[in-house]
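Shown next, in structure tokens, is the structure this report addresses.
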């Protein structure tokens, strides 16, 4: 167990958990690929209607994003270098195939290559005239330098290697299933490996959410996820046009995967993430990133579960992704408490007797103690304000209109929670 260290000033500093070198290696590749994807498609995901096409608008936010990405790569490079050094000193450790082709010298070369870019990016941020022409010039320069950098190219090209090894066991069994033709096996391997790559990339965003890290830089990862997802959908659609037996289970699974992924991408990238670069308040950024991450992650897990059912029709998504079990339990608890609060509010609105009003306040006190944490961040603030009004208002004449509005809000919120992907196979039954 790692013990916390003590700084010179006497403060306890939590020890950093040493990760396998394969993890920072993957993340360096992800940030590099995400940075390039963002640079080449910045107008899709960061479009701000208020300044789009305005030559006088400031572009400092985009410059800060590129600097953050380069800094992140430098930090991960340091972690990877330490991990590679450990693996060379401990030959008994099991090495991952992902890091077999990387050496400490690669990390040293990479740092030298990006140091100049970081210095230039930082100096540009110190300027006061970062207009569109400056952003366009920096954009083109950075893309060219990253593509011509031997070490950066090596890290980026190795990103996503051996993705199949990160699939759940049931999906690996699917790839070795007897009866699959050579072409079906090859196509399915390609589809599942890309899904595994997307899920692993989303996992980095999930980790940033859990660790309360700055979230605006996730726009770069989302940019790469969008690129890979669109490419995957095109691949599946092309495969479907060549499918000979449209009644086959594999055809149905591929068709459903393409349709579901297309819907989720449209919802996330045309609603939640549009203009996110221009947003300043941290709570608003957190709300958008959390919702986008949950939508993509949950729906893609369900898609992978659909493929796993080709091997075992009885498989459930929680068997493949154990983390879903916790999401399911929390969503069930949230839905149950929302229903209780809604019924209490309706009863008190219809008959605002002290006993029924007290019942509302009791339900809200219980809800605010824990279940509220299971709501998406964007919904908590509104519910908290309603709860404060209900608890603080003692006059019945003033309370009834508040209960009416609160009831309407809870009814809408209950419907949204009930639509969560994780609850798809758990229809609501009153009293349970």
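The values are calculated or read from the model by the stated rules, or taken from the named source; none is laboratory data. Everything quoted here is computed from the prediction, not taken from an experiment. Quick reminder, even Gly has a Cβ in these numbers, built from the backbone with ideal geometry, and neighbours come from all protein chains shown.
The criterion of at least 3 residues that are in the same structural domain as residue 258 (by TED's automatic domain parsing) and either on the phi > 0 side of the Ramachandran plot or surrounded by 18 or more Cβ atoms within 10 Å (Cβ to Cβ) (or both) is met, among helices (runs of 4 or more DSSP H) falling completely within the range 119-201, by 169-175. Do we have any residue at all in the range 365-382 that's out of contact with any strand residue (DSSP E or B) (no Cβ under 6 Å at 6 or more places or on another chain), closer than 30 Å to residue 306 by Cα and outside any helix (DSSP H, G or I)? Yes. Does residue 225 qualify as being in a helix (DSSP H, G or I) and crowded, with 18+ Cβ neighbours inside 10 Å? Judged against the criteria, residue 225 is a match.
Looking across the range 341-352 at every residue that is in contact with a helix residue (DSSP H, G or I) (Cβ under 9 Å, 6 or more places away or on another chain) and without any contact (Cβ under 8 Å) to a residue 24 or more places away in the chain, the one that is farthest from residue 372 (Cα to Cα) is identified as 350.
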